[in-house]
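The values are calculated or read from the model by the stated rules, or taken from the named source; none is laboratory data. All values derive from a computational prediction rather than experimental measurement. Positions of Cβ are generated from backbone atoms using ideal geometry, with glycine treated the same way; all protein chains shown enter the neighbour counts. Remember, those area values only see protein heavy atoms, side chains included, never the ligands or the DNA or RNA. Shrake-Rupley method; radii C 1.70, N 1.55, O 1.52, S 1.80 Å.
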Amino acid sequence: MTEQLSVVLAGGGSAGHISPALATADALRRLAPDVRLTMLGTERGLETRLVPARGYDLRLIPPVPLPRKPTPQLLSVPARVRVAVRETRAVFASVRADVVVGFGGYVAFPAYLAARGRIPIVVHEANARPGLANKVGARFAAAVATASPGIRLPRAQVLGLPLRRSVTELDRAARRDEARKQLGLDPDRPTLLVTGGSQGARSLNNAAAAAAPALGAAGVQVLHVTGPKHTVEVTAGGAPYVVVGYLDEMELGYAAADFVLCRSGANTCAELTAVGLPAAYVPLPIGNGEQRLNAIPIIDAGGGLLVEDAGLSADWIAANVLPIMTDPERCAAMSRAAAEFGHRDADDALAKLVLEVATRTAQEQSRSR
């Protein structure tokens, strides 16, 4: 079955959709080396750079962004959906798709409609609040998977969020000295990693920079990933404060760190719990509130703190983060709690589910002939 299997993964648009799609593609290739893998995307998404760099076939379709509120743009949606579905079906035909795996977003939406009643669908939802595309796709999917408990989709099974192996196979203790040396940090000081994601976050940058004197005075060093378009002015003393715009190998930052100050996107939450890093999560203050919901189960498990964006300040960091970072036993306990919540094998689990759906469908079709 797997020798001729063709899988289409619809995970374009944002890094939150592309990263788990690529991790799943890698797992499928490990489990079924002869599988044909095709990624769906649009010409303006990050996938145009990330997918070819990983060696996967990328097919482009027209994007169908869905307005969150009633606007004049809604009038053009039906026509745009029809065009996107038609072009997506042409891709399915050209690669002889056996199964479609969707990760939500405006690439997955036309893929689900194009596959409905023709090709089995597997839906994966990463966020605590499912988007419209996955709500639609889950209604007629052959299987539905989620990143964490409490995500409400019909017939969902919790598998975790597929992550790259460089993260899930990371041994933080074994690589700590190497990572700190490579990043210009002291090998023996407690280390705070500050990151607002790939684009950075101004509120996190400002609060962390303002807290530098207090952190340094307590002997806590900082690795601050500001984002490529951000800079910070830091007055540090007593401990290193390393500022970088971007970190190509984020796993080095994870290996160096004892605690993290970060946003709570689904991918960040999944990576930190997979490697067992406690964090102070600062949900993005815009959107539908999903980032706050992503972090809540980790907080409840004892693996982190939660602070709203408006409440984040240098004083908050000094009052809440410093006591943890200067108490090794408390920090270690939070690390264990985070790790217990994490999933390291979600990529293989989802890939196996995809292969099971494809095999089951093939057997059912064979019996009906």
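For the reader, a short list of remarks on this structure follows.
- Surface per residue (accessible, 1.4 Å probe) for the chain, Å²: 45
- By the helix-only formula, in which each DSSP H run with n ≥ 4 contributes -39500 (n - 2.57) and the sum is divided by residues, the chain has a 222 nm mean residue ellipticity of -13000 deg cm²/dmol.
- C-alpha long axis of helix 77-95 to longest principal axis of the chain, angle in °: 80
- The relative contact order of the chain, computed from alpha carbon pairs under 8 Å that lie at least 6 residues apart in sequence, is 16 percent.
- Seen from every direction in turn and averaged, the convex hull around the alpha carbons of the range 182-260 projects onto 4.5 nm².
- Whole-Hz ³J(HN,Hα) from phi, Karplus 6.51 cos²θ - 1.76 cosθ + 1.60, for the range 218-224, glycine and proline x: 8, x, 8, 8, 10, 10, 10
- Apportionment of accessible area to carbon and sulfur, the range 182-232, percent (1.4 Å): 48
- Whether the range 72-148 is rounded, prolate or oblate, judged on the alpha carbon gyration tensor where a/c under 1.5 counts as rounded: oblate
- Debye-formula intensities of the chain, expressed as log10 I(q)/I(0) at q = 0.08, 0.12, 0.14 Å⁻¹, are -0.42, -0.89, -1.12 (one equal scatterer per alpha-carbon, no solvent).
- What a 1.4 Å probe finds exposed on the range 266-369 is 50% carbon and sulfur by accessible area, rounded to a whole percent.
- Rounded to the nearest Hz, the phi-derived 3J(HN,Hα) couplings of the range 297-303 under the Karplus curve 6.51 cos²θ - 1.76 cosθ + 1.60 (θ = phi - 60°) are x, 5, 4, 4, 7, x, x, where x marks glycine and proline.
- Amide proton proximity set for Val99, modelled H, under 5 Å, gap of 5+: Ser6, Val8
- Overall form of the range 139-205 per C-alpha gyration tensor (a/c, 1.5; a/b vs b/c): prolate
- The range 112-154 - percent of accessible surface contributed by carbon and sulfur, probe 1.4 Å: 47
- Taking amide H atoms as placed 1.01 Å from N in the peptide plane, the amide H of Leu46 lies under 5 Å from those of Gly13, each 5 or more residues away in sequence or on another chain.
- Surrounding net charge for Val123, when Lys and Arg each add one and Asp and Glu each subtract one, Cβ distance under 14 Å: +4
- Environment charge at Ala207 (Cβ cut-off 15 Å; Lys +1, Arg +1, Asp -1, Glu -1): -2
- Each eigenvalue of the Cα gyration tensor of the range 245-369, multiplied by 5 and square-rooted, gives one semi-axis; in descending order these are 37, 17, 13 Å.
- The largest accessible area among Asp177, Asp248, Asp309 belongs to the first residue in Asp248, Asp177, Asp309, and the rest follow in falling order (1.4 Å probe, all chains).
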